[in-house]
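The values are calculated or read from the model by the stated rules, or taken from the named source; none is laboratory data. Here the structure is a predicted model, which is why all the values come from computation and not from measurement. FYI the Cβ positions are ideal-geometry reconstructions off the backbone, even for glycines, and counts take in every protein chain you see.
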Amino acid sequence: MYNQNPTLEGINKTIDESKQGEVFFQEKEAGATDGKRFYIESYGCQMNFSDSEIVASILGEAGFAPTRNMEESDLILINTCSIREKAEETVRKRLRVFDKVKGNRPGTLVGVLGCMAERLKEKFLDEEKLVDMVIGPDAYRDLPGLVAGAEEGEKGVNVFLSREETYADISPLRLDSNGVSAFISIMRGCDNMCSFCVVPFTRGRERSRDCFSVVAEATDLYNKGYREVTLLGQNVDSYKWENPETGNKVNFANLLEMVAQVHPDLRVRFSTSHPKDITDEVLHTMAKYENICNYIHLPVQSGNSRVLDLMNRTYTREWYMERVEAIYRIIPDCAISSDIIAGFCTETEEEHQDTLSIIEFSNYSMSYMFFYSERPGTLAARKLEDDVPQEVKKRRLQEIIRLQNQVSFKHNQKDIGKTFKVLIEGDSKRSDQDFKGRNSQNKMIVFPKKEGLKPGDYTMVKVLDATSATLKGEIV
Ligand code: SAH
Ligand code: SF4
Ligand code: F3S
């Protein structure tokens, strides 16, 4: 679910690098406030960023307004990630910083949210003295109660994992948004048991949200001027919802179609697709609607069948290749990206070569690449030995990164001379004379501004130049 920024140059960087730790803020303050302010930082996947918007909405109802400045906040929240050891280290470092703020401003409360809260539970309170509250991903409705308790000096923990909670009725407070693109969570949890992965333990069982609440949220966003929604889930292809009144069943292809019909000018993206579950029905639905973007994040993890089996991914190299072929057959100009893990338990050099070759075969536009990091409690931690030496993991990762860089560069070079419909997101990072926006394939294109155009508008851009990360062009 990580489609923002490739971590091409990084070793073991956390996902969605450009946004890690981003502070949420909204220009117009939310709701009534009795003067209390909260500050929130988010780490990890898009789901966590989306959850922070739910948290902000719940706190807004409870009278808290968001602030960008932690020095003036009454409540500091950190929405955490446990996916790799590095992600948890980052959180602990931030807690040291909050400690200082708390020293200068006694009474400031610190709450840990998200996956690391769920993993460590009350242990967090013992390990980190400054933490006042520990709240797991399914317990955010309890936040105002826990804050009230903490104000009375009572440390609180709620890490209850639910089988039903989808926060369907909560309208997320769109924080630090560009006003053009927004996330919509369509499901929570994960029922797969990939042996390396901590998510099933931190997020609980998979559950899908009522399709009508998803369509209502997309419609509301469109009416507010948004032009792109990304439907989020750990495994969107296993979305399923049954109407309790009619017994009608809705699968992911059906939901995608319902959202695509909200308005032809509302772009629809989704993440993450699981190779074992992505169906031709989904691909045909994508091909049928111009506003469903031609981009699929299809994490392979490894290109070798024996390793995939150890990872418990439940597909083989051949199965994955067939799905890639189906994508390019049904949606010829689709871009595919991936997540790749280097140096999983017992991986040999030959098996590593299979990962390299599948990058070329799949012709990924980009990938998020990591070396394996053992996570306590996972199947791999319990059953397999983390026996690939660190230097070997790092070297293999470097080889993967180097190859992906070349493949991305070629992929982008092939776009030179082509003209794409681009949704303008805002000013480019480098210059306020340029706009940035994405094409359907999720590639960022930078181009000189033109009078009369603004973020949220579509424009046709011809690509003139390309690096491995961005395209440059001009409006035609
Ligand atoms: N639901 C998504 C992935 C969620 S986690 C999916 O099934 O594809 C995001 C990515 O982090 C994974 O795709 C994987 O590449 C990486 N990851 C997960 N656990 C990891 C671990 N223990 N060590 C290294 N990378 C890991
Ligand atoms: Fe983790 Fe696998 Fe679930 Fe993805 S599908 S969240 S990798 S267990
Ligand atoms: Fe996401 Fe990290 Fe949790 S990747 S689901 S925030 S462990």
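Observations, loosely collected:
- Sole exception among (1) over 22 Å from the mean Cα position of the chain (by Cα); (2) among the basic types (Lys, Arg); (3) buried (at least 18 other Cβ atoms within 10 Å of the Cβ); (4) closer than 27 Å to Met286 by Cβ for Lys443, by number: (1)
- Hits in the range 179-191 - residues which are surrounded by fewer than 18 Cβ atoms within 10 Å (Cβ to Cβ) and within 13 Å of ligand 1 (Cβ to nearest atom): Asp191
- When residues of the range 360-406 are limited to those that are more than 20 Å from Arg119 (Cα to Cα) and within 11 Å of ligand 1 (Cβ to nearest atom), the one surrounded by the fewest Cβ atoms within 10 Å (Cβ to Cβ): Asp386
- Pairs where the first residue, in the range 162-178, is surrounded by 20 or more Cβ atoms within 10 Å (Cβ to Cβ) and the second is among the acidic types (Asp, Glu), C-beta under 6 Å, 6+ apart: Pro172/Glu53; Leu173/Glu53; Leu175/Glu53
- Scope the range 393-435; condition part of a helix (DSSP H, G or I) and β-branched (Val, Ile, Thr); matching residues: Ile400, Ile401, Val407
- The range 447-465, residues that are in contact with an Asp or Glu (Cβ under 6 Å, 6 or more places away or on another chain) and buried (at least 20 other Cβ atoms within 10 Å of the Cβ): Phe447, Val463
- Flag set for Ala148, criterion: farther than 30 Å from Val422 by Cα and away from ligand 1 (no atom under 16 Å from the Cβ).
- Hits in the range 44-75 - residues which are under 24 Å from the mean Cα position of the chain (by Cα), charged (D, E, K, R) and in a helix (DSSP H, G or I): Asp51, Glu53
- Any hit, the range 309-331, residues being within 16 Å of ligand 2 (Cβ to nearest atom), in a helix (DSSP H, G or I) and of a type in the set (Asp, Glu): yes
- Flag if Gly145 is under 22 Å from Arg37 (Cβ atoms), away from ligand 3 (no atom under 16 Å from the Cβ), of a type in the set (Gly, Ala, Ser) and at pLDDT below 95: no
- Asn223 without any contact (Cβ under 8 Å) to a residue 60 or more places away in the chain, in contact with a helix residue (DSSP H, G or I) (Cβ under 9 Å, 6 or more places away or on another chain), away from ligand 3 (no atom under 16 Å from the Cβ) and not aliphatic (A, V, I, L, M): no
Listed here are the residues, each with its yes/no results for (1) more than 24 Å from the chain's Cα centre (by Cα); (2) away from ligand 1 (no atom under 16 Å from the Cβ); (3) closer than 30 Å to Gly343 by Cα; (4) not in a helix (DSSP H, G or I).
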{"site": "Leu77", "(1), (2), (3), (4)": "no, yes, no, yes"}
{"site": "Lys86", "(1), (2), (3), (4)": "no, no, yes, no"}
{"site": "Thr90", "(1), (2), (3), (4)": "no, no, yes, no"}
{"site": "Arg94", "(1), (2), (3), (4)": "no, yes, yes, no"}
{"site": "Val97", "(1), (2), (3), (4)": "yes, yes, no, no"}
{"site": "Val101", "(1), (2), (3), (4)": "yes, yes, no, no"}
{"site": "Gly107", "(1), (2), (3), (4)": "yes, yes, no, yes"}
{"site": "Gly111", "(1), (2), (3), (4)": "no, yes, no, yes"}
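- Close pairs from the range 381-392: first in a helix (DSSP H, G or I), partner charged (D, E, K, R), Cβ under 8 Å, at least 6 apart: Ala381/Glu374; Ala381/Arg375
- Test: residue in the range 313-329 that is of a type in the set (Gly, Ala, Ser) and within 16 Å of ligand 3 (Cβ to nearest atom): no
- Scanning the range 391-419 for residues that are among the aromatic types (Phe, Trp, Tyr) and more than 25 Å from the chain's Cα centre (by Cα) yields nothing.
- The criterion of being surrounded by fewer than 16 Cβ atoms within 10 Å (Cβ to Cβ) and either charged (D, E, K, R) or in contact with a Phe, Trp or Tyr (Cβ under 8 Å, 6 or more places away or on another chain) (or both) holds for Glu151.
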